[in-house]
Amino acid sequence: MLSFILRRLGTMALTMLCLTLIIFFLINLNPNLKKLAISQTEMHTSAEQLEDWLVNHGYR
């Protein structure tokens, strides 16, 4: 019974780790970061200013 519980807990921990990594990489895709930068700055900023914002806030 104890081995069953430990195996289930191990499986849950591995599943949580995999899902966390997948979600992290999907959120940090370039189109999502551009949308974030646009929403946090003025709508008519240049590409250089958007890239500077991403660098200054630690996304690059």
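What the table below lists for this structure:
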quantity: All positions within region 12-46 that are open to solvent by less than 90 Å² (accessible area, probe 1.4 Å), assigned to a helix (DSSP H, G or I) and under 13 Å from Tyr59 (Cα atoms); calculated: Asn30, Pro31, Asn32, Leu33, Leu36, Ala37
quantity: Any chance Leu9 is under 14 Å from the mean Cα position of the chain (by Cα) and either exposed (fewer than 10 other Cβ atoms within 10 Å of the Cβ) or of a type outside the set (Asp, Glu) (or both); calculated: no
quantity: Failed condition for Ile38, given (1) more than 14 Å from the chain's Cα centre (by Cα); (2) free of Cβ contacts under 8 Å to residues at least 12 places away in the same chain; calculated: (2)
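The values are calculated or read from the model by the stated rules, or taken from the named source; none is laboratory data. Since this is a predicted model, take the numbers as computed values, not measurements. Note: ideal-geometry Cβ built from the backbone for every residue, glycine included; neighbour counts use all protein chains shown. Remember, those area values only see protein heavy atoms, side chains included, never the ligands or the DNA or RNA. Shrake-Rupley method; radii C 1.70, N 1.55, O 1.52, S 1.80 Å.
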